[in-house]
Amino acid sequence: MTINPDGGPGRSVRVVIVDDHTIFRSGLKADLDARMDVVGEAGTVEQAIAVIAETRPEVVLLDVHLPGGLGGGGREVIAGSSALLGTTSFLALSVSDAAEDVVSVIRAGARGYVTKTISGKEISDAVIRVADGDAVFSPRLAGFVLDAFGTAPADIADDELDKLSARELEVMRLIARGYSYKEVAKELFISIKTVETHVSAVLRKLQLSSRHELTKWAAERRLL
Amino acid sequence: MTTAVERPPLVRSSDRMIAGVCSGLADHLGWPVKFVRLGMVLACFAGGAGVAFYAWLWTMVPTADESAKRNARRPASPIAPAVSLPPLPAGGATAARPQQTYDAGPAPAAFSGPAVAGAAGGGSVAAGTTGPAAAVAEDVPNPPGSWWDGNPLGSWFSFRKIQYGKEILLGAALLLVAAILIARQFGVDVPLGTLIPAAAILGGAAIAWMQLDETRRAGLVDKTKADQAGGWVRLAAGLALVVAGVLVMVSGSGSWEQTWLALLASVAVLGGVALVLLPWGLKFWKDLETERAGRVRETERAEIAAHLHDSVLQTLALIQRRAGSEQDVVRLARAQERELRAWLFSDPAKETGLLAERIKSIAAEVEDSHGNAVEVVTVGDTEMTERHEALVQAAREAMLNAARHGGGTVSVYLESTEGNTEIFIKDRGPGFVLDAVPDDRLGVKESIIGRMKRHGGTAVINSSSDGTEVRLALPSAPSDAGEQRKGETLVSEARSSEARASETRSSETRASETRNGEMKQ
């Protein structure tokens, strides 16, 4: 499914906002542009799981830190909605830049991660991108990926999940440098679709890699 | 024992065969350990005197740890006495104590002194078996006031004003026992049937009361598990002694059968009493725990409150006053966010003086002065060197330019690998043409490009209408290889010394930095 990027007559994206701060929820709702339709809100883990199951949105904007449940926050919401992962995508939102939080929520199944200081336009673009099945990487997340996987490209002999290819590394580097997908595409003379493919591949590696270092690395780098 | 010189305190040493008694004693007396041990073994054959002496020392002499702990505990917390015995008449002991100001009762004050007496006292008791004079000769700088001070038993015996009252009491008891034994040897009829139970009762009561002292002191100052365990043992021993003594006395050394029956009955009664008192005891214990936990929480809360007051509240007040200026508000909010983040997440043990840390602080500085958000992403890290300082300065200039001319968010990306350090500074401003910059404007040409070139790096400026990106690269010169955090090989070390020799400009500082780098590894 592709959404009309100009917010034309195409179907709008159904979004659920999960955040425990009412002020932030209403602010975010106002920030999202006309291409989005907020169909539900939730403030706790339990509410979130219930609302998501009921409304079956395409995208859930999910705060990493949430009260309720077993204390797992956003991770727990994704785990609780795992039956819907095929149709519902999660975009993690957080004030926390801690690698541990970011990596754990991505590994739980989120399609992307953005910080809460992001502008309204950017978050709308990110939601559309996630709804289209692509991954959303903030510069910081790209930095984490580079730090965790190392900046050396994969040898052919390596387990492909544990290393990034040379092209993926290039894309990650540019994103870490603050390039938008469009700018990355221009810089590398490839199409935006190709950039998105690379980013999705990296996301897959980040989620599936069994590298024990990844978790260890994230735990060590509590701070950023 | 002939000189009155300063001796190490008598403590059980950690260098032990059984309980560290002999080596501790040897330390204290200044004799070789071997002789002390040999003497102890020989004494064991003298009617078991050695065994008794050893056991005595074992129980009475604290280990070095305990002794240190007790001494450290002496300056009791001013919030100590929640439980107290009925206040005793202060007497002469009080006058000698300076720290009377806190708390009303003299009872807790009685413990400010005796911690040392308790520790060293154990030792003097041991020495006391050879003669009470030795105990008194012990040179402990101690305010007058004995262990029995806070203890009703002490007041019964009016021993309060006598130094080392406990030791003297014990010594006297031992002498009495010896006298009785000797008297029996000479055929004097001693009513042992009465004396032994009476002694047992007295002893048991004394032990139990000591226990009260101990728990009160330990419970209120710091409650350690070891103290608890010791306390329970003491309580049980005291109880057992008293009960046995009373029984024997009452039953008049009747048949064992009777005694067992009585014992059973008394245990049942005790059990009943315990059953009734237990809820109170538990409640009291819980209250104490709750109060302690509450105090810890309170301290933590106070610290957080103090921090928030100094930072967040001040900033919020400033924001309200500057509400008219959006830029000021944003700047204040950014600065506060950074500060709070650092406070929440930073690890004080983390190494400072690394490149990433420097870049972040520079970014913070730029953010503060221009109000643009500067997002820093770092991958890898390296030690700061003189050349990296040049890189940082060039990056700073680029960030300032980006904030000044670009507007909006500035993205900074630092990637540090073994061979290379790169910094990218990107803004989304209108861009500029490098050649169009007048020659007298030194910012870009001198501070960024020229500086990087001088230090063996490169600076590329890529500007278009979509924004400007400054790319700074600083290859790790061989001389820096030793300072790279990840890369260290003998080869690079060897190469680094070669390079150092060839480098004359700043060889001295470089060399010292390299040494530092080597030391860190």
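The interface between chain A and chain B buries about 2000 Å² of solvent-accessible area in total (1.4 Å probe, ligands and nucleic acids excluded).
For the stretch B:291-373, the spread of Cα coordinates along the three principal axes comes to 49, 38, 12 Å, biggest extent given first. What residues of the stretch B:29-43 lie in the reach of a label at residue B:51, counting those whose backbone N is under 14 Å from a point 7 Å from the Cα along Cα→Cβ? Only B:41-43 pass the distance filter. Less than 5 angstrom separates the built amide H of residue A:13 from those of A:36, A:37, all sequence-distant by 5 or more or on a different chain.
If you take the square roots of the eigenvalues of the alpha-carbon gyration tensor of the stretch A:11-133 and sort them as a ≥ b ≥ c, do you get rounded (a/c under 1.5), prolate (a/b over b/c) or oblate? Rounded, since a/c falls under 1.5. Rolled with a 1.4 Å probe across the full set of protein chains, the surface gives residue B:29 an accessible area near 30 Å². Annotation: amide H-H contacts under 5 Å for residue A:65 (H modelled 1.01 Å from N, sequence separation of 5 or more, or interchain): A:74. Pairs exceeding a 27 Å alpha-carbon distance, out of A:193/B:453; A:186/B:453; A:116/A:182; A:29/A:205; A:116/B:445; A:193/B:360: A:193/B:453; A:186/B:453; A:29/A:205; A:116/B:445; A:193/B:360. Would you please classify the overall shape of the stretch A:70-134 from the alpha carbon gyration tensor, given that a ≥ b ≥ c denote the square roots of the eigenvalues, rounded means a/c under 1.5, and beyond that prolate means a/b larger than b/c while oblate covers the rest? Taking the square roots of the gyration eigenvalues as a ≥ b ≥ c, the stretch A:70-134 is oblate. Computed from backbone phi, the HN-Hα couplings of the stretch B:364-377 come to 4, 4, 4, 4, 5, 7, 10, x, 8, 6, 10, 8, 10, 10 Hz, rounded to whole numbers (Karplus: 6.51 cos²θ - 1.76 cosθ + 1.60, θ = phi - 60°; Gly and Pro given as x).
So what is log10(I(q)/I(0)) for the stretch B:377-430 at q = 0.19, 0.26, 0.32 1/Å, when the Debye sum runs over its Cα atoms only? Here log10 of I(q) over I(0) equals -0.66, -1.01, -1.25. Distant-in-sequence amide contacts of residue B:379, defined by a placed amide H-H separation under 5 Å and a gap of 5 or more residues or a different chain, comprise B:414, B:415, B:416. Placing B:421, B:63 in order of accessible area, with the largest value first and a 1.4 Å probe, yields B:63, B:421.
The values are calculated or read from the model by the stated rules, or taken from the named source; none is laboratory data. In this text, all values refer to a predicted model and were calculated from it rather than measured experimentally. Note that we place each Cβ from the backbone using ideal geometry, even for glycine, and neighbour counts take in every protein chain shown. For accessibility, only protein heavy atoms count, side chains too; no ligands or nucleic acids. Shrake-Rupley method; radii C 1.70, N 1.55, O 1.52, S 1.80 Å.
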